Amino acid sequence: MFGRFAQFETREEYLEFLNAGVEFVGARDGEPIGRYNVAPGTRVLLLNQRDDKLHLDPVHWGYQPAWAKESGRPPLINARVETAATGRMFKPLWNTGRALVMADGWYEWKKSPDDAKIKQPYFIYHESKEPIFFAAISRFHPDALDAQEDDGFVIVTAASDKGLVDIHDRRPLVMTREASLEWLSPETTPERAEELAHDCAIPADEFAFHPIGKAVGNIHNNGESIIKRIYNPLV
């Protein structure tokens, strides 16, 4: 399960890289976001397109519709690309709530083949160190004064391949810039969104990774030191 990432550059840098060609509603803040340890259950800036304008809204990472809450099911933070477009839980979000999460990389823990209790965290990022954008699906009420109980989003995940599978068998879905923009557009049909999700992911061999210290395991730790390479990994 994918459950931790970094979002530390400025809004301006993410938006400039995406180069959407669509009007952005809001301040192009030049202050670094500075979140090196983003965890589920927190509010995260979610990039979404409403009509012909882009918006950034703080939305809860995790989704639990009323029927799931009543049955005692915990909030979900990921949606598998293989089933998200058709399953009961996520189909409504896929159809009308597609969004992007801006990021600089994500974290995974590699298990020792000899002892599953021994895990080594890794930081994974684009080899160019350019911003990346996770495909997300969401439900929220941007015009409400207060967050609603069913507000939330999940990040779409895909199977890992090539070198990334050595770290973890799943990864967040990161599409090309062009596909990400089409994913956002309200004019994109759910069927076309499926095609994008399955055909336009950035190849695994364009990502790099390195081992990091255990500090990332505590969500209260936040700072650039978290992503620093270590040279004596456990795994």
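The values are calculated or read from the model by the stated rules, or taken from the named source; none is laboratory data. Fair warning: this is a prediction, and the values are worked out from it, not measured in the lab. Cβ coordinates were reconstructed from backbone atoms using ideal geometry, including for glycine residues, and neighbour counts include every protein chain displayed.
Observations on the model:
- Filtered residues of the stretch 81-90 (kept if out of contact with any Asp or Glu (no Cβ under 8 Å at 6 or more places or on another chain) and either of a type in the set (A, V, I, L, M, F, W, C) or surrounded by 16 or more Cβ atoms within 10 Å (Cβ to Cβ) (or both)): V81, A84, M89, F90
- Taking the stretch 183-217 as the range and being free of Cβ contacts under 8 Å to residues at least 60 places away in the same chain, under 17 Å from the mean Cα position of the chain (by Cα) and surrounded by 14 or more Cβ atoms within 10 Å (Cβ to Cβ) as the test, the residues that pass are L196, C200, A201, A204.
- Note on the stretch 70-84: residues that are at pLDDT 95 or above and farther than 21 Å from D169 by Cβ amount to 0.
- When P131, P121 are screened for being surrounded by 20 or more Cβ atoms within 10 Å (Cβ to Cβ), under 17 Å from R171 (Cβ atoms), over 16 Å from the mean Cα position of the chain (by Cα) and not polar (S, T, N, Q), only P121 passes.
- Residue among F207, F153 that is of a type in the set (F, W, Y) and over 26 Å from M89 (Cα atoms): F207
- Any pair with Cβ under 8 angstrom, 6 or more apart, that starts in the stretch 136-150 at a residue that is polar (S, T, N, Q) and ends at one that is surrounded by fewer than 16 Cβ atoms within 10 Å (Cβ to Cβ): Q148/H141
- Which numbered condition G34 misses (of (1) closer than 19 Å to E194 by Cβ; (2) at pLDDT 95 or above; (3) not aromatic (F, W, Y)): (1)
- Residues of the stretch 79-111 satisfying the condition of being under 22 Å from I227 (Cα atoms), in a strand (DSSP E or B) and of a type in the set (D, E, K, R): E108, K110, K111
- Screening the stretch 139-177 for residues that are over 27 Å from A116 (Cα atoms), touching a Lys or Arg at 6+ places or on another chain (Cβ under 8 Å) and modelled with pLDDT of 90 or more and picking the one that is surrounded by the most Cβ atoms within 10 Å (Cβ to Cβ) gives G152.
- The number of residues in the stretch 68-84 that are over 22 Å from the mean Cα position of the chain (by Cα) and either within 13 Å of I155 (Cβ to Cβ) or of a type in the set (S, T, N, Q) (or both) comes to 1.
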